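What follows is a short report on a single structure.
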Amino acid sequence: MKRLIPAGILLLFIFCTAFFGKITVKKQCDNTLVSLESLKNDYISENIKSAEKGAELIIKEWKASEVRIAPLVNRELIEAVDGSLKGIAYGIKNESRGNVLYNYISAEIALQQIADEQSLKLASFF
Amino acid sequence: MISTIIRTVILYVVVTFAIRIMGKRQIGDMQPNELVVTLLISEIAAIPLQDSNQPILNGVVAIFMLVVLEIIVSVLAMKSFSVRKLMSGKSVVIIKNGAVDQRAMQSVRMTVLDLVELLRQQNVFNIDEVAFAVLEVSGDLSVMLKSSEMPATAGDLKIKKAPECLPLPAITDGKIIKESLSALSTDEKGLLEILNKEGVDVNEVFLMSLDRYGNYTLIRKDGAVI
């Protein structure tokens, strides 16, 4: 049974990493998705100034989130969200509606993909 | 580039730690499940090294999970014969009472040439000398010669020999190994007496092996053997 002690310690480390990793990533993604939804509503309701501020705020928030989720998430997905958020800010400044909506969808998909990677959904296993 | 260096160091430590926990075994002596885990660990460790976009923690967690599975399976195999048989297979008797079991050879897909080669590796050049040969799980062949072909032992010849004792390194490269002295139930004083008798200083000794009966071999740094 002594031989099982290292296995137990490693298992504890694995479960802690998986559990807290899932919670952290889900929380960061959910927060960003909520902010993104509110930004989209502002933009659609022609509240451009608020949308501009919102876009800058989301980019800042995402930078902070990046640090927390970087050890757990594929760097490419983090960069994809970052790029899309910057695309939204650029689109709002330059009044390019298509650009804003396209980048909104891209960011949403990337965020969902990040959350899915940590989830127990059947699709994430295969 | 610096991050690559750090990632490499981390993964080196993790993989070494993982292999160390699994226990010391040479590749050839591994059970099938151990071999699979070792191969997978090396593959998984390579992914975060090659792709810097992959978080290193993903690789570390996967490696640790494999180690956990390996430990659990090995403990279960120790406790249960069925698990051991399932995971590692079982030994097959190829030669029984001097007769080659062809059906057993077919079951392990072994040709006559394979058998002859494995026998030669055991210093057996004539199959007729073999009483029993067992193909072990590791792929090695264990051979028991017919009693008429076995070399005579001291017991057969009724020769009295001194009981076996294991010589231990007492001094290596001028340094006294205290663990060896305590295992041999002696102390530094006794060791220095031997060195004084031989007229050698501790610092001049390259290797000195000693057994519990006081027999020793002394190799000086200049190469002289005493």
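The values are calculated or read from the model by the stated rules, or taken from the named source; none is laboratory data. These figures come from a predicted structure and were not determined experimentally. All Cβ positions, glycine included, derive from the backbone under ideal geometry; neighbour counts span all protein chains shown.
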Subset of segment B:174-189, residues closer than 30 Å to B:Lys161 by Cα and either aliphatic (A, V, I, L, M) or in contact (Cβ under 8 Å) with a residue 24 or more places away in the chain (or both), comes to B:Ile177, B:Ser180, B:Leu181, B:Ala183, B:Leu184, B:Ser185, B:Thr186
For B:Asn53, all conditions in the list (1) part of a helix (DSSP H, G or I); (2) surrounded by fewer than 15 Cβ atoms within 10 Å (Cβ to Cβ) hold save one; what is the number of the exception? (1)
Can you confirm whether B:Gln102 is surrounded by fewer than 18 Cβ atoms within 10 Å (Cβ to Cβ) and within 14 Å of another protein chain (Cβ to nearest Cβ)? no
When you look at B:Val68, is it within 14 Å of chain A (Cβ to nearest Cβ), assigned to a helix (DSSP H, G or I) and at pLDDT below 90, yes or no? no
Within segment B:117-135, identify whether any single residue is at pLDDT below 90, part of a helix (DSSP H, G or I) and more than 14 Å from chain A (Cβ to nearest Cβ), and answer yes or no. no
Residue pairs within 7 Å by beta carbon, gap of at least six or interchain, first lying in segment B:196-207 and of a type in the set (A, V, I, L, M) and in a loop (DSSP other than H, G, I, E, B), second surrounded by 12 or more Cβ atoms within 10 Å (Cβ to Cβ) and at pLDDT 85 or above, listed first then second, are B:Val200/B:Leu218; B:Val200/B:Arg220
Could you please tell me which pairs satisfy a Cβ distance under 9 Å, a separation of 6+ or placement on different chains, a first residue in segment B:34-58 that is away from every other protein chain (no Cβ under 13 Å) and without any contact (Cβ under 8 Å) to a residue 40 or more places away in the chain, and a second residue that is surrounded by fewer than 16 Cβ atoms within 10 Å (Cβ to Cβ) and aromatic (Phe, Trp, Tyr)? B:Ala45/B:Tyr12
Which residues, counting only those in segment B:174-194, are surrounded by 10 or more Cβ atoms within 10 Å (Cβ to Cβ) and in a loop (DSSP other than H, G, I, E, B)? B:Gly174, B:Ile177, B:Leu184, B:Thr186, B:Asp187
Check on A:Gly8, in contact (Cβ under 8 Å) with a residue 12 or more places away in the chain, among the small types (Gly, Ala, Ser) and within 14 Å of chain B (Cβ to nearest Cβ): no
Can you tell me which residue in segment B:109-129 is surrounded by the most Cβ atoms within 10 Å (Cβ to Cβ), limited to those that are touching a strand residue (DSSP E or B) at 6+ places or on another chain (Cβ under 6 Å) and farther than 17 Å from B:Ser148 by Cβ? B:Leu118
Please count how many residues of segment A:65-108 are in contact with a helix residue (DSSP H, G or I) (Cβ under 9 Å, 6 or more places away or on another chain), exposed (fewer than 14 other Cβ atoms within 10 Å of the Cβ) and among the hydrophobic types (A, V, I, L, M, F, W, C). 2
Would you point out which residue out of A:Lys40, A:Lys26 is surrounded by 15 or more Cβ atoms within 10 Å (Cβ to Cβ), more than 14 Å from every other protein chain (Cβ to nearest Cβ), touching a helix residue (DSSP H, G or I) at 6+ places or on another chain (Cβ under 7 Å) and farther than 19 Å from A:Ser106 by Cβ? A:Lys26
Give me a count of the residues in segment B:68-85 that are out of contact with any Pro (no Cβ under 8 Å at 6 or more places or on another chain) and buried (at least 19 other Cβ atoms within 10 Å of the Cβ). 4
Any chance segment A:54-63 includes a residue that's surrounded by fewer than 19 Cβ atoms within 10 Å (Cβ to Cβ) and more than 26 Å from B:Leu57 (Cα to Cα)? yes
Can you name every residue in segment A:58-96 that is polar (S, T, N, Q) and either touching a strand residue (DSSP E or B) at 6+ places or on another chain (Cβ under 9 Å) or more than 14 Å from every other protein chain (Cβ to nearest Cβ) (or both)? A:Ser65, A:Ser84, A:Asn94, A:Ser96
